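Here is the structure we will look at.
Here, each number is a calculation from the coordinates, and none is a lab measurement. What you see is a predicted model; the values in this text were computed from it and never measured. No Cβ is skipped: glycine too gets one built from the backbone with ideal geometry, and neighbour counts run over all protein chains shown.
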Amino acid sequence: MLEEIFQDIQSDLRYDHELNGCLNCGICTATCPSAHYYDYSPREIVQLLWTENLEGIYDAMQEKIWACAQCYTCAARCPFGNSPGGLVMLMREVAIKHGMESAKNVLRPFSRVMLKLISTGNQLSPDMINPDHFADWGPNISKVSAPLAVLRKAIPMATLNTTKTAWEVNLKTSVELYTIWEETGVLDQLETIDENLFDVISDIMEEKREDWEDFLDEQDDED
Ligand code: SF4
Ligand code: SF4
């Protein structure tokens, strides 16, 4: 399995672009914000890959790679033109593909965001601005939450007049996004990581696709 995981990382088209050699100089780690706060070092990650240390790579994928903030400061500084942050991204994608427990744990808190994104086309919505979510605002929250619907209606663009989503995403756009997610393997990855969420999302996608077909039929009837 370790060989298979490394093979998946190494065979990615981006791999040779992100890794050109490594002096072990540590410049990447010296400038990495995550290295200051966590037991994490981009130099170590790059060295593991450069020396093809399969066990070390697997261990890093269990925990350390998830500490990277994907800021790419390392890529701007490496004298070899490596991108440790980019390599971490590849390792994360392979961890997801193999359904590694670390990937499941890291992504679990984002399931609500994913559901919101697929069902509305947005990650966030104005109705999240409420006393439950912003207890630290104290009574000030009512200045926004109470007249929220009215405030939103005051925005000149009709697509922003909603409170359930940041803006209304056109049905055609949603359906096109589903195709992109399918073709790029995003939904396969989701199924590996969280089967229940995948089932819920599949139902939503099916409904929206039916709505889109109905809309097209209506247009045909009108013609
Ligand atoms: S990845 Fe680049 S900056 Fe980091 S240790 Fe290797 S050569 Fe140095
Ligand atoms: S991209 Fe990741 S590894 Fe690179 S500097 Fe930012 S946090 Fe550190």
| query | Of the GluC sites (Glu not before Pro) in the range 1-100, which ones lie in a loop per DSSP and count no more than 12 other C-beta atoms within 10 Å? | reply | Glu52
| query | What is the chain's relative contact order, in percent, from Cα pairs under 8 angstrom and six or more apart in sequence? | reply | 16
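So which of Lys116/Lys172; Lys104/Lys172; Lys153/Lys208; Lys116/Lys143 end up more than 28 Å apart by C-alpha?
Lys104/Lys172
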| the range 77-178, dipole about Cα centre (Lys/Arg Cβ +1, Asp/Glu Cβ -1), debye to the nearest 20 | 80
| note | Going fewest to most other Cβ atoms within 10 Å around each Cβ, Cys68, Cys28 line up as Cys68, Cys28
| note | Dividing the mean separation of Cα pairs under 8 Å (6+ apart) by the residue count of the range 72-155 yields a relative contact order in percent of 12
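Taking the beta-carbon count within 10 Å as an exposure proxy, list Asp127, Asp217, Asp12 from fewest neighbours to most. Mind dumping the intermediate values first?
Working: Asp127 15, Asp217 10, Asp12 18.
With the sparsest Cβ surroundings first, the list reads Asp217, Asp127, Asp12.
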| remark: In the range 1-159, taking the dipole from +1 charges on Lys and Arg beta carbons and -1 charges on Asp and Glu beta carbons about the Cα centre, the listed residue (Ser34, His98, Leu13) farthest towards the positive end is Ser34
| said: Please list, short to long, the whole-number percent of alpha-carbon pairs of the range 124-188 in consecutive 10 angstrom bins beginning at zero. | reply: 20, 33, 25, 19, 3
| query | Unpartnered cysteines of the chain (Cβ-Cβ under 4.7 Å counts as a partner)? | reply | Cys22, Cys25, Cys32, Cys68, Cys71, Cys78
| query | Once the dipole of the chain is set up with Lys and Arg at +1 and Asp and Glu at -1 on Cβ about the Cα centre, which of Leu177, Ile65, Gln219 lies farthest towards its positive end? | reply | Ile65
| Cα Rg over Rh - the range 1-151, Kirkwood | 1.13
| task | Would you mind calculating the gained length between Ala149 and Trp137 on full extension (0.36 nm times residue separation, minus the Cα-Cα distance), in nm to one decimal? | result | 2.4 nm
| message | Under 5 Å between amide hydrogens, which residues at least 5 positions from Asn82 or on another chain qualify, with H placed 1.01 Å from N in the peptide plane? | response | Asn20
| So how strong a dipole does the chain carry about its Cα centre when Lys and Arg Cβ are +1 and Asp and Glu Cβ are -1, to the nearest 20 debye? | 1800
